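The values are calculated or read from the model by the stated rules, or taken from the named source; none is laboratory data. The structure presented is a predicted model; accordingly, all values stated were derived computationally and were not measured. Here Cβ is always computed from backbone atoms with ideal geometry, including for glycine, and neighbour counts include all displayed protein chains.
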Amino acid sequence: MRLFTVGPVMMYGDTLAESGKQLPYFRTDEFSKMMLDSERVLKGLLGAPEGSRVAFLTASGTGAMEAAVSNAFSGSDRVLIVVGGGFGRRFAEICDVHGIQHDDLVLQWDEALTPAHLDAYRGRGYAGLLINMDETSTGQLYDIGMVSRFCRDEGTLLVVDAISSFLADPLDMERDGVDIVIIGSQKALALEAGTSMLVMSPRAYGRISENVSPTYYLDVKRHVTDQERGQTPFTPSVGTLITLNGMLRTIEGQGIDAKIARTAALADYFRRGARGLGLAIPDYPLSNAVTPVLFDGNAREVFEALRYHHDITLTPSGGDMAGRMLRVGHIGNLDESDYDALFEALREVLP
Ligand SMILES: *Cc1c(COP(=O)(O)O)cnc(C)c1O
């Protein structure tokens, strides 16, 4: 089986070996020590400012998106959301559910975010800006430096859903002025789905501490307070948290820059090969995590043929783009030989 998806993705041998074992009980010193170690490594990988806080949630990435939004903002706030696809829309829907006012900066699927887009929203006193660093539905990578300058000028809290771009594209909370980073287990971390993380700057957590949030399970204060001693308020995804610690340590050992460079090299390898096959790739800025490929209405047929005849799974698109776009992932346990197999299969499958 070869998955060129964006989560779950191909998993690494160490993760697979660990996940077959009996789980330990978790209200123990050993578990607490491991969780504190995961917090330390995660903050280091993200360049989190001194005094940042981390919450480990047993929820898929969307749970962490909802926790971030509903804990940092309230009905008296207005936020700006960059809506360049399905994941931007998800932020807007979460705000609707929690009664948080929002303006949506809506982009066409192939429209790159520019400073001019943001300039139109200056001087409006937004409490926060919500953005998916990589809008995974199109693969567009937003320029976080540009967005961060807007937020700095406007005194706006910057919330970055880095679920698909963590470990694929460079991100440093301190350098990029990011207040909350949202991460999920099943993307480049290549773990089982169902665990997500929030990393919060002191400024962001200060805001969260003062805010009354209508949440119980997703009450971030409860999670942060327990994480001070390496614990979680409720039974967590013990097994995934164990494999998470192993993965974080592996990445710390190799260096996050090396990890990102490797993903970028795979993306480049695929993009050159795909263009060689005559496939069309959009020209807006792309994340290293995933490459969108355009088709003339037959994307579903190509997806099915690869799956049934070659045991290769690409990432299908939803909605309007279902017939026109497939996405090819570059995260997880993949190497050049996997792309060579994909190119060979594409040569057979493409009309
Ligand atoms: C995968 C993903 C999510 C989270 O999706 P879940 O299915 O809830 O894990 C959120 N945002 C982006 C940008 C993603 O790629």
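Can you tell me which residue is surrounded by the most Cβ atoms within 10 Å (Cβ to Cβ) among those in the range 151-175 that are among the hydrophobic types (A, V, I, L, M, F, W, C) and under 17 Å from V82 (Cα atoms)?
Here is the first cut: in the range 151-175, the residues among the hydrophobic types (A, V, I, L, M, F, W, C) are 151, 157-160, 162-163, 166-168, 171, 173.
Filter once more, so that each one left must be under 17 Å from V82 (Cα atoms): 151, 157-160, 162-163.
Values: C151: 23, L157: 22, L158: 25, V159: 27, V160: 27, A162: 27, I163: 30.
Restricting to residues being among the hydrophobic types (A, V, I, L, M, F, W, C) and under 17 Å from V82 (Cα atoms), the top hit is I163.
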Over the range 45-79, the set of residues touching a helix residue (DSSP H, G or I) at 6+ places or on another chain (Cβ under 7 Å) and farther than 15 Å from I182 by Cβ is G47, P49, G51
Within the range 102-111, restricting to residues that are under 23 Å from G323 (Cβ atoms), touching a residue at least 24 places away in the same chain (Cβ under 8 Å) and touching a Gly at 6+ places or on another chain (Cβ under 9 Å), the one that is farthest from the ligand (Cβ to nearest atom) is E111
Across the range 117-150, the tally of residues that are free of Cβ contacts under 8 Å to residues at least 40 places away in the same chain and either surrounded by 24 or more Cβ atoms within 10 Å (Cβ to Cβ) or within 16 Å of the ligand (Cβ to nearest atom) (or both) stands at 1
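Does the range 197-216 hold any residues that are outside any helix (DSSP H, G or I) and under 24 Å from S164 (Cα atoms), and which are they? Break it down into steps so the answer makes sense when it comes.
So in the range 197-216, the residues outside any helix (DSSP H, G or I) come out as 197-201, 211-216.
Result: M197, L198, V199, M200, S201.
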Taking the range 311-320 and keeping only residues that are modelled with pLDDT of 95 or more, within 16 Å of the ligand (Cβ to nearest atom) and either of a type in the set (S, T, Y) or not in a loop (DSSP other than H, G, I, E, B) (or both), one is left with T313, T315, P316, S317
The one condition G184 fails out of (1) at positive phi; (2) within 13 Å of the ligand (Cβ to nearest atom) is (1)
Those residues of the range 7-50 which are assigned to a loop (DSSP other than H, G, I, E, B) and closer than 30 Å to S137 by Cβ amount to G7, P8, V9, M10, M11, Y12, S19, L46, G47, A48
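With the structure loaded, tell me whether D179 is of a type in the set (D, E) and buried (at least 23 other Cβ atoms within 10 Å of the Cβ) or whether it fails that test.
Values: of a type in the set (D, E): yes; buried (at least 23 other Cβ atoms within 10 Å of the Cβ): yes.
Here the answer is yes, as D179 does meet what is asked.
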Can V97 be described as at pLDDT 95 or above, in contact with a strand residue (DSSP E or B) (Cβ under 9 Å, 6 or more places away or on another chain) and among the β-branched types (V, I, T)?
-> no
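Would you check if there is a residue in the range 60-71 being farther than 21 Å from E135 by Cβ and among the charged types (D, E, K, R)? Working first, answer last.
If we filter the range 60-71 for residues that are farther than 21 Å from E135 by Cβ, which is where we start, we get 70-71.
Narrowing further to those that are among the charged types (D, E, K, R): none.
So far as the range 60-71 goes, no, none of its residues is farther than 21 Å from E135 by Cβ and among the charged types (D, E, K, R).
If a residue has to be free of Cβ contacts under 8 Å to residues at least 12 places away in the same chain and either under 20 Å from the mean Cα position of the chain (by Cα) or under 21 Å from D169 (Cβ atoms) (or both) to count, how many in the range 182-228 make the cut?
Our first condition is that a residue be free of Cβ contacts under 8 Å to residues at least 12 places away in the same chain; within the range 182-228, this holds for 206, 210, 216, 222, 225-226, 228.
Imposing the further condition that a residue be either under 20 Å from the mean Cα position of the chain (by Cα) or under 21 Å from D169 (Cβ atoms) (or both) reduces the set to none.
The qualifying residues number 0.
Could you check the range 225-310 for helices (runs of 4 or more DSSP H) lying wholly inside it with 1 or more residues that are hydrophobic (A, V, I, L, M, F, W, C) and within 16 Å of the ligand (Cβ to nearest atom)?
On the way: elements: 238-254, 256-276, 299-310.
Hits in the range 225-310: 238-254, 256-276.
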